[in-house]
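Reviewing the structure listed below.
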Amino acid sequence: MAEWVLMDEADSGYLIEIAKLIRYWILSSTTKAGSGHPTSSLSAVELMVGLLFGGIFRYDLDKPALPNNDRLIFSKGHAAPLLYSLFTAAGAIKENELGTLRKLNSPLEGHPSINFPYTEVATGSLGQGLSIGLGMALNAKYLDNLPYKTYVLLGDSEMSEGSVWEAIQVASYYKLGNLIGIIDVNRLGQRGETMVGHDLDLFYKRISAFGWNTITVDGHDFSSILKAFKQAFISTNNPTMLIAKTIKGKGVSFLEDKENWHGKILTKDQFKLAIQELGNLNFSLRGSIKKAQDIKPKKQKSVTLKPLDDPAIYHIGDLVSTRKAYGIALARLGTIYPEILALDAEVKNSTFSQIFEEYFPDRFFEMYIAEQNMVGSALGLSLRGKIPFVSTFSAFFSRAHDQLRMLQYSNANVKFIGSHAGVSIGEDGPSQMGLEDIGMFRSLLSSAVLYPSDAVSCEKLVKEAINYQGIVYLRTTRNNTPVIYKQEEHFPIGKCKILRRSNSDVVTVVTAGITLHQALAAYEELTKKNTFIRVVDLYSIKPIDIKTLRQCATETKAIITVEDHYPEGGIGEAVRSALSNSTVPIVSLAVSKKPKSGTSQELLDYECISKQAIIAKVLEILQK
């Protein structure tokens, strides 16, 4: 472990001067911007100056991507002016650049974004930073075997978020001594006092109960701060939380501990008064950050503990669920891609991620029933160069929609596997049925949404997901379905497959997953009546194959979409969007009644998305 040297009294004076300068930059940049959160930034100045310039933080400013750099996450992202001022004090950016705060095309956005090269992750939606830091700490301890530490600045208001406590539990379970949280307890939220106020003892008792090393500290006293960081630095077994009593608006008397100043800026006259209070400033002063050691990550082994079957094990007609095919595929691909790993929310024996765990136990993380933290941790792992596959029931990803929403702003490379999708899961009932998931993942920028119908397509799409840079959602089915594809088939993202076609096709049926098999059965029945339909497997819902769909629209009289999903955001809306300039009639069969318990086939019939419903709709269209 690197030696840690406590600063002497002279150095503490140097930190005080840097803190004054940073306060000036916070006030000047927000005043010029005409918006921002100066008071929330002012409260954490000493905490962050002590961390970065007090001999604790290790970071090579010339190499932000250095694998062994310490990580700093501003979970209280509204304190962005403080973050930018810190790196100005470090000499990483020029002072005049602070004048671009919150301006269009400036990397200094209102909340930290990855456009600023020293931002680890886009933050601002409160309650997420500790989970992301947890993922980075997991990577350091269990995967890369690196000594870097991850520091997360938290606001006291966001400590009400359940996702924070999910992270606190899981970090303790994994004994992440390399994870240090810092709570800026400044007492005031946006509209008044927080739930806890300045009761540091209450925070101490709560967090200690989860097995964390817990330290209370005067958040404006450098001696106290540096000693606390030293204690956190040498901790090896459990995560550490610094609970710092601070004053919102610290350094400006008419702002200190005053309500109704959250997210407000100073007038020009108020700014002049505030600067007078700061006293003499040394604008040439710059802080020094200790360089991190240039240590390379441990090389991941591309071997398995058990022999794997040959890929060509599926035969036409075999009954295999796509959820099981996913687990088998990921285990196979784990031998080729050492950077992939799996996270699951205590349903690994249902999602079949346990197959991957059997072969690669060191690359599997049980995240328990804490889906928000699981998604945030996956982001942290992704940002350290891993490719996480995150699995749970498709319905339960909705709990983590805010975390999913934020992933897109950090260029995340995470793959999500939602099993037990739709009413076809049967007797478990609506609480377990994912019926909104396609729409949720479709709404994310540059995401891919994939829906395999058999084991072969699932295996091929898992590999496609690995090679796709960005967010991928793979929807799997609970029930066994027959294999319909040969092993040599390919499934490029952005395409679809026409499974049944003729020159006499009257209607095109576009579907995917479980309802594809209903459409194929409908085809067989209609063919006996000399009625021919085209059947399209829309395995890639996003991006969608517009060219093929347009061809079908010109060659048949109507399009019917069929899906085990609510109408909103699903396959029907995706097809309508793709064919927005077409005049062909489009009819959608989707889950439109309140679901209930029953057998899979009973529910497909009840929701009018079964073979019989497709046949009836085709005949109805032809009669018109």
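None of the figures in this text is laboratory data; all of them are computed from the coordinates on show. What you see is a predicted model, and the numbers here were worked out from it, not measured in a lab. Counting neighbours? That spans all protein chains shown, and the Cβs are built from the backbone with ideal geometry, glycine included.
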Estimate the FRET efficiency between ASP318 and LYS495 by the formula 1/(1 + (r/R0)^6), using the beta-carbon distance for r and 25 Å for R0, to the nearest 0.05.
0.55
Checked segment 54-100 with the C-alpha gyration tensor, a ≥ b ≥ c its square-rooted eigenvalues, rounded below a/c of 1.5, otherwise prolate if a/b is larger than b/c and oblate if not; verdict oblate
Cα-centred dipole magnitude for the chain, charges only on beta-carbon of K, R (+1) and D, E (-1), debye, nearest 20:
1120
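Decide, for segment 319-482, between rounded, prolate and oblate: order the square roots of the alpha carbon gyration tensor eigenvalues as a ≥ b ≥ c, take rounded if a/c falls under 1.5, and otherwise choose prolate if a/b is larger than b/c, else oblate.
Taking the square roots of the gyration eigenvalues as a ≥ b ≥ c, segment 319-482 is rounded.
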Taking 0.36 nm per residue of sequence separation and subtracting the Cα-Cα distance, how much length would be gained by fully extending the chain between LYS528 and ASP269, in nm to one decimal?
84.7 nm
Grab the Cα-Cα distance for LEU285 and LYS227, subtract it from 0.36 nm times how many residues apart they are, and report the gain in nm with one decimal.
18.5 nm
Just rank GLU459, GLU427, fewest to most, by other beta-carbon atoms within 10 angstrom.
GLU427, GLU459
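If the chain between ASN503 and ASP201 were fully stretched, how many nm would it gain, using 0.36 nm times the residue separation less the Cα-Cα distance?
Values: separation 302, 0.36 × 302 = 108.72 nm, distance 7.69 nm.
Here the segment from ASN503 to ASP201 would lengthen by 101.0 nm.
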Pair-distance profile P(r), taking every C-alpha pair of segment 402-543, with 10 angstrom steps and integer %
11, 38, 33, 15, 3, 0
What the Cα atoms of the chain span along the principal axes, largest first and in whole Å, is 92, 56, 41
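Holding the Cα-Cα limit at 22 Å, pick out from LYS20/LYS272; LYS94/LYS291; LYS460/LYS486; LYS149/LYS227; LYS415/LYS593 the pairs that are longer than that.
Distance filter (> 22 Å) returns LYS415/LYS593.
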If all Cα-Cα distances of segment 553-624 are sorted into 10 Å bins from 0 onward, what percent lands in each bin, rounded to whole numbers?
19, 46, 28, 6, 0
Evaluate E = 1/(1 + (r/R0)^6) for GLU488 and ASN467, where r is the Cβ-Cβ distance and R0 equals 30 Å; express this FRET efficiency to the nearest 0.05.
0.95
Contact order relative to length of the chain, as percent, for alpha carbon pairs under 8 angstrom and 6 or more apart
12
Can you compute the modelled spin-label distance between ASP605 and GLU259, with each label point 7 Å from Cα toward Cβ, in nm?
6.3
Applying the Karplus parametrisation 6.51 cos²θ - 1.76 cosθ + 1.60 with θ = phi - 60° to the phi angles of segment 414-419, what ³J(HN,Hα) value in whole Hz is obtained for each residue in order, glycine and proline being reported as x?
10, 10, 10, 10, x, 9
Segment 83-130 and segment 188-250 have their Cα centres apart by a whole-number Å value of 24
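Please order SER284, SER592, SER457, SER377 by the number of other Cβ within 10 Å, starting at the fewest.
Neighbour counts put them in this order, fewest first: SER284, SER592, SER457, SER377.
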Going by how many other Cβ atoms sit within 10 Å of their own, how do CYS496, CYS458, CYS552 line up, fewest first?
CYS496, CYS552, CYS458
Taking Cα centroids, how far is segment 575-620 from segment 543-571 in Å?
12
Once you wrap a convex hull around the alpha carbon atoms of segment 14-278, what is its projected area averaged over all directions, in nm²?
12.6
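Find the eigenvalues of the gyration tensor of the Cα atoms of segment 497-623, then list the square roots of 5 times those eigenvalues as equivalent ellipsoid semi-axes, largest first, in whole angstrom.
On the way: eigenvalues 90, 64, 30 Å².
Values for segment 497-623, descending: 21, 18, 12 Å.
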Which value in deg cm²/dmol, rounded to the nearest 500, describes the helix-derived mean residue ellipticity at 222 nm for the chain, given -39,500 (n - 2.57) per DSSP H run of n ≥ 4 and division by the residue count?
-10500 deg cm²/dmol
Longest exposed-loop-site-free stretch of the chain, with chymotrypsin sites (Phe, Trp or Tyr not before Pro), DSSP loop and at most 13 other Cβ within 10 Å?
284-624
